Structures are given as structure tokens and as C-alpha cells.
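Comments concern the structure below.
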Amino acid sequence: MIFSESWLQEWVDPKLDTQDLMDELTMAGLEVDSSGPVAHQFSGIVVGEVESVESHPDADKLSVCQVNDGGKSFQVVCGATNVRKGIKVPFANIGAEIHSGEDKPFRIKSAKLRGVESKGMICSAEELGLEDKSEGILVLPDDAPKGLEVQKYLQLNDTSIELTLTPNRGDCLGMLGLAREVGVISGQPVSEPEIPLVVPTVSDELPIHIEAKDGCPRYLGRIIRNVNLNSESPLWMQEKLRRSGLRSIDPVVDVTNFVLIELGQPMHAFDYSKLEGHINVRMAKENEKLVLLDGKEVNL
């Protein structure tokens, strides 16, 4: 179980520093296996807005951008293909520093790229330590306030903690169960979020037959239409998943993973167009073949 300390604090404030929290969890039988910061250490990087993008006069794969940091505009040469006018980005001004694990931090300096002066850098998620590898620059939400430190905006003063749980502590495989445990350990109240009732607007039904009632006494589902799989999950959800050891896939997968981590409730989404007849919940048959999500076929 991997969780972020800041997410836990949305549920319960144990009033313990990180090391004391980890010690108390281990003493309670929830052994802490590892911990670490959720991003590189950096300074001087703020939310900027790309005001204009023009082609570099002497390089086909470079663009010359004007980036506003909330106070001034700066000329920046950028090689990312996803840079465009109007987006919010992490902007590293001259003098900004990024600590990526090297002995010395990387300091942003004024430079000339193919004859054009660049007064800063637009950062990628990889450069900030948010991803091991990323393509293009990190695009922030439209409502990100210009000039605000990215460290503060993304709440990166946070620690990811990994627990090694014994089989009898499956209740702590989600934030809900973990928060209850921490509440008991620390004597602090747990604030469980209200889950509003969602009234279905789709009248379609799919019959569910449960043969293996001992293994699955109850099965619930809901049909959801008009899902845009080409859209991205909100950045706050992507960040919570990332700090829990999961990468963002698409809105459907992200939501099911989010619910699993938050409430400890396993979920799975099906492509409704590929379902025929009904959902049948049963035990596997001898030598039955099953195609996994990665396309691999296994014999049961």
C-alpha cells in the first residue's frame, strides 16, 4: 500500500511529523517499507502563461515563446511539440534551481539557442520529478494562478509512504481504512468525506446472474454513457494516483483506481458494446482460457 501523507491528512490529522507517523504505523503492525519525497526539490519555478508562440527562424523543431510569470513577460526558446498559446505551464526563470539527485543543483541561466536568446525554461513533468519519463512540457489547469510557486500550487511538500501489510490487514489497503487506523493510533477524529447519491439518468439495464454466491454474494454495476476516453483526468486526481504508485491511463481507469485507493473497493469497467447477454459471476472451469487486460492468454 502506497499513500501520500497529504492525502491521509485530508481524512485525519494525526498531529505527528512524518518520522513519528511512520514509527507509530510500524509499531501498530503496519510496517513502513520505504518513504520519499513526491518530487524533485526545486525553487524559483512558478505558474506561467504562454502568451505567444512563433517558429524559430533557424530551427524547425524549436519555438520562440513569450511567457508571462504574473509580472513580466520573458522570451523562451522551447523544443516541446505541445507548447501553444494560452496554456499555463511551470516556468523556471533565470536563477531557478532544480535538484534532480545530482551533487549540485541545475541552475537556469540565460542562453542563446541557434542565435535566439532564451530567458528561462518551460519545464516538463520529468524535469520536476513528477514522472520518470515524459514527452513535452507539463500543461497545468487553466485556472492555475500566474506567479504562484509550482511547489505550492501542486502541494509538493509531501511524502509518499509504502506499507508492507500482512494478509489480515486488508482493511488498510485504502485511505478509508488507513485513516481509521491512524485515528485510533493518534486519538484524532476521522473526517470521512460525504458521498452524494447520484441518481441514474440512463434507463438501460444489464442482467446480472450470480452462480458463485459463496464467493460473491453481491454484485453491483452501473451503465455510464458518453464517456470521452480522449480527455484527461484532472491534475489533482493524476497527482494522487501518482503518489500512490499508479500512472494516469484514461478517465475510466483512473476513476476506478482512485476509488480502489480511497475506499479500498475494487472496481472494474467493461466496454458496454462488447458485452453480450448478461454478466455471469461464477468460478472458473477446468482449463478454461482467459485473456488478460494486457492481451496475454492464460489457462485456468
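Pull up region 66-85, narrow it to residues that are closer than 15 Å to Val139 by Cα, touching a strand residue (DSSP E or B) at 6+ places or on another chain (Cβ under 7 Å) and not aliphatic (A, V, I, L, M), then point me to the one that is surrounded by the most Cβ atoms within 10 Å (Cβ to Cβ).
In this case the residue turns out to be Cys78.
Pick from region 259-296 the residues that are touching a residue at least 12 places away in the same chain (Cβ under 8 Å) and of a type in the set (Gly, Ala, Ser): which of them is farthest from Glu194 (Cα to Cα)?
Ranking the candidates gives Ala284 first.
How many residues are over 16 Å from Gly221 (Cα atoms) and under 31 Å from the mean Cα position of the chain (by Cα) when one looks only at region 259-300?
13
Among the listed residues Gly187, Gly136, Gly174, Gly183, which satisfies the condition of being touching a residue at least 40 places away in the same chain (Cβ under 8 Å) and on the phi > 0 side of the Ramachandran plot?
Exactly one residue qualifies, and that residue is Gly136.
Among (1) under 17 Å from the mean Cα position of the chain (by Cα); (2) acidic (Asp, Glu); (3) assigned to a loop (DSSP other than H, G, I, E, B); (4) at pLDDT 90 or above, there is one condition Asp132 misses while meeting the rest; what is its number?
That leaves (4) as the condition not met.
Of the residues that make up region 113-121, is at least one hydroxyl-bearing (Ser, Thr, Tyr) and either assigned to a loop (DSSP other than H, G, I, E, B) or not assigned by TED's automatic domain parsing to the domain that holds His56 (or both)?
Checked against the condition, which is being hydroxyl-bearing (Ser, Thr, Tyr) and either assigned to a loop (DSSP other than H, G, I, E, B) or not assigned by TED's automatic domain parsing to the domain that holds His56 (or both), region 113-121 yields no hits at all.
Mind checking which pairs have a first residue in region 1-26 that is without any contact (Cβ under 8 Å) to a residue 40 or more places away in the chain and a second that is of a type in the set (Phe, Trp, Tyr) and not in a helix (DSSP H, G or I), Cβ under 8 Å, 6 or more apart or different chains?
No pair meets every condition.
Going by the conditions given, is Lys119 without any contact (Cβ under 8 Å) to a residue 24 or more places away in the chain and more than 29 Å from the chain's Cα centre (by Cα)?
When the stated conditions are applied, Lys119 does not pass them.
Is there a residue being under 28 Å from Ser233 (Cα atoms), surrounded by fewer than 17 Cβ atoms within 10 Å (Cβ to Cβ), out of contact with any Asp or Glu (no Cβ under 9 Å at 6 or more places or on another chain) and not assigned by TED's automatic domain parsing to the domain that holds Ser63 anywhere in region 134-142?
The answer is no, given that none of the residues of region 134-142 is under 28 Å from Ser233 (Cα atoms), surrounded by fewer than 17 Cβ atoms within 10 Å (Cβ to Cβ), out of contact with any Asp or Glu (no Cβ under 9 Å at 6 or more places or on another chain) and not assigned by TED's automatic domain parsing to the domain that holds Ser63.
Might you check whether a residue that is within 22 Å of Cys65 (Cβ to Cβ), modelled with pLDDT of 95 or more and either acidic (Asp, Glu) or crowded, with 20+ Cβ neighbours inside 10 Å (or both) occurs anywhere in region 153-172?
yes
Checking Ile224 against (1) more than 18 Å from the chain's Cα centre (by Cα); (2) surrounded by 18 or more Cβ atoms within 10 Å (Cβ to Cβ), which single condition isn't satisfied?
Status for Ile224: all satisfied but (2).
Residues to consider are Glu54, Glu49, Glu102; find the one that is at pLDDT 95 or above and surrounded by fewer than 20 Cβ atoms within 10 Å (Cβ to Cβ).
When all the criteria are applied, what remains is Glu54.
Which of the residues belonging to region 58-94 are assigned to a loop (DSSP other than H, G, I, E, B) and free of Cβ contacts under 8 Å to residues at least 12 places away in the same chain?
Residue satisfying the conditions is Lys72 alone.
The values are calculated or read from the model by the stated rules, or taken from the named source; none is laboratory data. Predicted, not measured: the structure shown is a model, and the values here were computed from it. Quick reminder, even Gly has a Cβ in these numbers, built from the backbone with ideal geometry, and neighbours come from all protein chains shown.
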